[in-house]
Amino acid sequence: MNRRYVHLLFVLVCAGVLFVLFRAPPVSTPRLPPDATHADRKAYEACPSCHGRDSETAMPEDHLTPAGPVRPDHLKCYFCHKPTET
Ligand code: HEC
Ligand code: HEC
């Protein structure tokens, strides 16, 4: 193929990728409240003590194993729960 077309194809593919990314919905995972309790968002060992199944601010069932503890892929809360933007 002519080099010119290869470059054109590359540009079109990049434009397509950018188009899809810009159309993505805004972050929908609930953010951490901007209070002292949530200031150290990487202290994930402490989170379940207040957000366990029986607490008032329980995390959703899909975060937990049936036996009680947090599922291994949900241990590190800060991967998904970002601080509130200020
Ligand atoms: C001392 C108890 C306590 C600890 C520890 C705690 N939280 Fe919370 N959290 C609360 C309370 C109470 C609320 C609800 C009040 C509010 O929205 O300000 C809340 C709200 C939240 C929310 C927002 C829920 C919503 O409805 O938008 C998220 C997300 C959250 N916490 C995640 C975490 C994570 C992650 C950690 C660990 C870094 C953590 N929390 C540690 C008590 C706690
Ligand atoms: C893989 C991404 C992910 C991880 C890891 C994760 N969460 Fe969540 N969390 C979500 C999403 C998405 C929602 C909202 C969907 C829903 O309500 O089911 C949510 C909802 C919540 C809520 C309820 C907020 C509300 O408004 O009702 C709390 C509390 C919470 N998470 C706490 C935690 C805690 C504590 C941890 C760590 C032990 C954690 N999450 C780890 C993705 C995650």
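What follows is calculated from the coordinates using simple rules that are stated; it is not laboratory data. The model shown is predicted, which means the values in this text are computed figures rather than measured ones. Cβ sites come from the backbone with ideal geometry, for glycine too, and all protein chains shown count toward neighbours.
What number of residues within region 69-86 satisfy the criterion of being assigned to a loop (DSSP other than H, G, I, E, B), within 14 Å of the chain's Cα centre (by Cα) and near ligand 2 (Cβ under 9 Å from one of its atoms)?
4
Looking at VAL27, VAL11, VAL17, which is the one that is of a type in the set (A, V, I, L, M, F, W, C) and under 14 Å from the mean Cα position of the chain (by Cα)?
It is VAL27.
On the given criteria, is THR57 among the β-branched types (Val, Ile, Thr) and within 9 Å of ligand 2 (Cβ to nearest atom)?
Details: among the β-branched types (Val, Ile, Thr): yes; within 9 Å of ligand 2 (Cβ to nearest atom): yes.
For THR57, the condition - among the β-branched types (Val, Ile, Thr) and within 9 Å of ligand 2 (Cβ to nearest atom) - is met.
Quick check, is LYS42 within 10 Å of ligand 2 (Cβ to nearest atom) and basic (Lys, Arg)?
The answer is no for LYS42.
Scan region 1-49 residue by residue and report those that are among the small types (Gly, Ala, Ser) and either in contact with a His (Cβ under 8 Å, 6 or more places away or on another chain) or assigned to a helix (DSSP H, G or I) (or both).
Selection gives ALA15, GLY16, ALA36, SER49.
Do any residues in region 72-85 that are farther than 15 Å from SER28 by Cα have Cβ atoms under 6 Å from those of residues that are near ligand 2 (Cβ under 6 Å from one of its atoms) and not charged (D, E, K, R), where the two are at least six apart or on different chains, and which pairs are they?
What qualifies is HIS74/HIS63; LYS76/TYR44.
If you scan region 32-47, which residues turn out to be surrounded by 14 or more Cβ atoms within 10 Å (Cβ to Cβ) and either out of contact with any helix residue (DSSP H, G or I) (no Cβ under 6 Å at 6 or more places or on another chain) or among the hydrophobic types (A, V, I, L, M, F, W, C) (or both)?
Of everything in region 32-47, those that are surrounded by 14 or more Cβ atoms within 10 Å (Cβ to Cβ) and either out of contact with any helix residue (DSSP H, G or I) (no Cβ under 6 Å at 6 or more places or on another chain) or among the hydrophobic types (A, V, I, L, M, F, W, C) (or both) turn out to be LEU32, HIS38, CYS47.
Would you call PRO66 surrounded by 11 or more Cβ atoms within 10 Å (Cβ to Cβ), part of a loop (DSSP other than H, G, I, E, B), more than 12 Å from ligand 2 (Cβ to nearest atom) and not basic (Lys, Arg)?
So PRO66 does not fit the description; no.
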